[in-house]
C-alpha cells in the first residue's frame, strides 16, 4: 500500500495512487530508526485501509500537534476524550474515526477511572491497558495508537512515549474459499426456512442477504459499497458497475463477471434506478445508512459462518480477499488485481500473489526446469 525511504538518515512514507492528484503523497515518519519507521508506516497503512486516515487530506501527526488545544486543557480522563473529539469534529474527521477513539478511550477510562486527573496517570496505567493478556497484539497496537493520540493532544506525551508499542507482524489476508461461501449460504437458507416455519420472520427476510454475500465474492466490493449500490449504478450491457463513493472519495468502475451478472438478472424486477439493489423487504428502497447495512450483514455472516463450522477468523470482508485470491490463483498479475480491487498501492495487491502458493510454486518450478 505504501513504501518507506531514507533521506539523509530520516525515514519518510510514500503513498501512491494513480487516480489521485498528486499521484504520490510523501510525509516524514519523524524517526531515524528503521524498525520504528516501519511500525509507524504499518499503523498509517492500517488506518488508511480502515478509512480513518487519508495522507492526501489529513495531517499524519495531527493528534501530536494541534492548534485546537483548549486554552485551559482537560484535566480528567473523562474530560479529555470529550474535548479531543470536539476538536477532531471541528477539523472534519469522520464520524467512524471519532467513534473509534471514543470506544478505545471508554475502555481505558473503565480501567483507570473517569475522574482520574491526567497529571496523575502513569505509564504503567497505559501499559496494563495496551498489554492486556486477553487481547491480541494488533488490538494492543490499536489501543496504543488511539490512547496515545489523546494523551499527546492533551499535552501528556511523556506518558505514552514511555510505553513501547506492541509489535505486530504482517498478516496475510483471510480469504474466503468458494466451498466456504456455499456452506455459509446454505446455512443462511436453512436459518430462513426454520424461522419461516415457526413464524419468526417475514417472506424473504434474512435470505435476501445470500445474494448480497455472493455478489461481494464475485465483485470484490466492500460491505459499505454493496450497501450503497443502486440499480442506476449497474450497466449489464457494458458488463460494469460504477462505484461512486470509494474510501478516498473517487469514482471507479468494476467489471461484472458472468456469475455476478446472472445474480443481478435474477434480482432485477423493474425497480426504479434509485432503488437499492440489495435490501430487506421492509426497508426504505432509497434511503439508509451504508455503515449500518454493512454491520447488519456482517453480524449475520458471522452467525451463519459459525453455524456452518467454517474458519472463525473469516468475516464479510473475507469475500473481498477471496475474490482477489481467486484472481491470483488463476494467474492474474499484481497490476490486474490492483485495478480490480482498486488498491492504492501495488504492495497490497502483492499479498494475494504470495497467497496463491500453487501458482507461485508452478512458476518457480518452470523457471528452473
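Where a number appears in this text, it was derived from the coordinates with a stated rule and is not lab data. Quantities reported herein were computed from a predicted structural model and do not represent experimental measurements. So basically every Cβ, Gly included, is an ideal-geometry build from the backbone, and we count neighbours across all protein chains shown.
Tell me, rounded to the nearest percent, the portion of alpha carbon pairs in the stretch 131-198 spaced more than 13 Å apart.
It works out to 75 percent of all Cα pairs.
Grab the eigenvalues of the alpha-carbon gyration tensor for the stretch 2-161, scale each by 5, take roots, and send me the semi-axes largest first in whole angstrom.
Over the Cα atoms of the stretch 2-161, the ellipsoid semi-axes are 27, 18, 15 Å.
Full extension from residue 298 to residue 244: what is 0.36 nm times the residue separation minus their Cα-Cα distance, to one decimal in nm?
Here the segment from residue 298 to residue 244 would lengthen by 17.3 nm.
How long is the gain from residue 21 to residue 133 if the chain were fully straight, where each residue apart is worth 0.36 nm and the alpha carbon distance is subtracted?
Fully extending the segment from residue 21 to residue 133 adds 36.0 nm.
Counting residues in the chain as N, plug N into 2.2 N^0.38 Å and put the Cα Rg over that result.
1.10
In deg cm²/dmol, rounded to 500, what helix-only [θ] at 222 nm does the chain give when every DSSP H run of at least 4 residues adds -39500 (n - 2.57) and the total is split over its residues?
My calculation for the chain gives -15500 deg cm²/dmol from helical runs alone.
For the stretch 178-365, how big is the tail of P(r) above 31 Å, as a whole percent of Cα pairs?
Above the 31 Å cut-off, the stretch 178-365 has 18 percent of its Cα pairs.
Set the Förster distance to 22 Å, then compute FRET efficiency between residue 258 and residue 186 from the Cβ-Cβ distance, nearest 0.05.
0.50
Pull out the extension gain between residue 95 and residue 82, defined as 0.36 nm times the separation in residues minus the alpha carbon to alpha carbon distance; nm, one decimal.
3.3 nm
Please report the relative contact order for the chain, taking Cα pairs under 8 Å with a sequence separation of at least 6, and give it as a percent rounded to a whole number.
Value for the chain: 15 percent.
What is the spin-label model distance, in nm, from residue 235 to residue 172 if the labels are put 7 Å beyond Cα along the C-beta direction?
About 3.7 nm, to one decimal.
Taking the Cα centre of each part, how many Å lie between the stretch 136-173 and the stretch 77-120?
Cα centroid to Cα centroid, the span is 15 Å.
First obtain the Kirkwood hydrodynamic radius of the stretch 130-278 from its Cα pairs, then insert it into the Stokes-Einstein equation at 25 °C and 0.890 mPa s, and state the resulting D in µm² per second as a whole number.
Rounded, D is 127 µm²/s.
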